[in-house]
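What follows is calculated from the coordinates using simple rules that are stated; it is not laboratory data. As the structure is a computational prediction, the values presented were derived from the model and not from experiment. Cβ: placed from backbone, ideal geometry, glycine included. Neighbour counts: every protein chain shown.
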Amino acid sequence: MCAHPLTGIGSAYLALGRASDALAPLERARALRTRYQVGPEELAATDFALARALWETGDRARARTLGASAQAGFAKAGEASRRELAEVERWRGDH
């Protein structure tokens, strides 16, 4: 499955300040991860990156929804995703 590299590409675009370019690979990654029912931490990683891209491009309502989904996914993943969960919680607190 190519969802992992697509999430990485989208995250790289975000780091470069190119949120609009991040949308297509992140949307595709999310579609793949949803279709193939991956682990909660994998979907959460994509949801969080997509939430940040959506926020930066003005789709605030969907960004908040995906932020909540990411938080739930990282929480479900447990101890292994503690750091990521804290990051999502900080982001959601600010947005």
field: Ala51 surrounded by 17 or more Cβ atoms within 10 Å (Cβ to Cβ) and within 22 Å of Ala12 (Cβ to Cβ)
entry: yes
field: Residue satisfying all of: in region 26-40; of a type outside the set (A, V, I, L, M, F, W, C) and buried (at least 17 other Cβ atoms within 10 Å of the Cβ); farthest from Ala70 (Cα to Cα) among these
entry: Arg28
- prompt: Can you pull out the helices (runs of 4 or more DSSP H) entirely within the chain that have at least 3 residues that are among the small types (Gly, Ala, Ser)?
  reply: 3-15, 19-35, 40-56, 60-77
task: Filter region 75-95 down to the residues that are in contact (Cβ under 8 Å) with a residue 24 or more places away in the chain and out of contact with any Lys or Arg (no Cβ under 8 Å at 6 or more places or on another chain), then identify the one that is surrounded by the most Cβ atoms within 10 Å (Cβ to Cβ).
output: Val88
